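Enquirer: Can you keep this structure in mind? I'll have questions shortly.
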Amino acid sequence: MPFSHDMVYSLATVVDLINTSPEAGDHDALADLADLEAFVRLRRVSGVAALTPQDLAEVVELRQAFHAVFTAPDRATAISRLNTLLGRTRITPSLTDHDGFPLHVHYFAPGASVAEHLAADCGVALAHVLVEDEWERLRTCAAPDCSHVFVDESRNRSRVYCDSRTCGNRIHVAAYRARRKA
């Protein structure tokens with residue numbers, strides 16, 4: 001499924017958000033306001049006012065809701081979980097071409113908090129994945145020691161590792177060494 005620029009960007013943002021969780025790594029990468037500010041800067045989240053402790057709490061809660069969509073046991077559950085998330089989100093579509101990005105759609109309402117902004121833009125991107133019946137592209141890394149999520153954008157839906165250079169390579173090297181010992 002070919003994804004548009006803004007959809008790819010929103011999907012990458014939701015993946016990065018989920019992967020800040022201590023369940024996805026060895027520590028919480030959204031432990032304080034400085035971490036949230038760094039995330040907003042890294043993902044170039046536009047239209048965000050000064051961040052507060054309330055913003056941090058809301059984004060951490062949102063991160064868990066998105067994780068629940070990615071790890072849903074089936075498509076129907078993913079749809080239900082995403083509908084619940086979107087149902088709590090103010091959505092006001094508008095066209096924009098800021099910061100050197102091509103024309104794209106933002107879905108967050110004017111004056112939205114950072115959590116509402118992420119919920120709207122990332123939630124709509126995930127909704128498009130589900131509408132296109134591509135739910136199985138929302139994955140968790142197959143490496144036994146990794147819990148990162150990712151979106152499989154390969155043509156044949158064959159990607160199984162969050163990063164082939166790290167997790168994939170580590171698993172392939174371990175398998176090679178095991179064969180050599182045998």
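The values are calculated or read from the model by the stated rules, or taken from the named source; none is laboratory data. The structure presented is a predicted model; accordingly, all values stated were derived computationally and were not measured. No Cβ is skipped: glycine too gets one built from the backbone with ideal geometry, and neighbour counts run over all protein chains shown. Ligands, DNA and RNA are excluded from the accessible area calculation, which covers all protein heavy atoms including side chains. Shrake-Rupley method; radii C 1.70, N 1.55, O 1.52, S 1.80 Å.
Enquirer: How long is segment 31-78 along each principal axis, judged by its Cα atoms, biggest number first, in Å?
Expert: Answer, in whole Å and largest first: 37, 19, 15 Å.
Enquirer: Counting helices only, and only those DSSP H runs with n ≥ 4, report the 222 nm mean residue ellipticity of the chain as the sum of -39,500 (n - 2.57) divided by its residues, in deg cm²/dmol to the nearest 500.
Expert: Value at 222 nm, helices only, nearest 500: -15500 deg cm²/dmol.
Enquirer: For the chain, what is one quarter of the convex hull surface built on the Cα atoms, given in nm²?
Expert: In nm², the orientation-averaged hull projection of the chain is 11.7.
Enquirer: Counting only heavy atoms of protein chains, what accessible area per residue, in Å², does the chain have with a probe of 1.4 Å?
Expert: Result: 54 Å² per residue.
Enquirer: Local charge sum around residue 110 (other residues, Cβ-Cβ under 12 Å, Lys/Arg +1, Asp/Glu -1)?
Expert: Spelling it out: positives minus negatives among the neighbours equals 0.
Enquirer: While we're on this one: Residue by residue, what Karplus-based ³J(HN,Hα) values in Hz, rounded to whole numbers, does segment 89-99 have, using 6.51, -1.76 and 1.60 with θ = phi - 60° and x for Gly and Pro?
Expert: 10, 6, 10, 9, x, 8, 8, 8, 9, 8, 6
Enquirer: Roughly speaking, what is the centre-to-centre gap between segment 1-65 and segment 134-157 when only Cα atoms are used, to the nearest Å?
Expert: Rounded to whole Å, the Cα centres lie 19 Å apart.
Enquirer: Related question: Just want the answer: with Cβ charges of +1 for Lys and Arg and -1 for Asp and Glu, which residue in 112, 5, 135 is farthest toward the dipole's positive end in the chain?
Expert: Value computed over the given set: 135.
Enquirer: Which semi-axis lengths, in whole Å and largest first, follow from the square roots of five times the eigenvalues of the Cα gyration tensor of segment 1-85?
Expert: Equivalent-ellipsoid dimensions as semi-axes: 22, 17, 12 Å.
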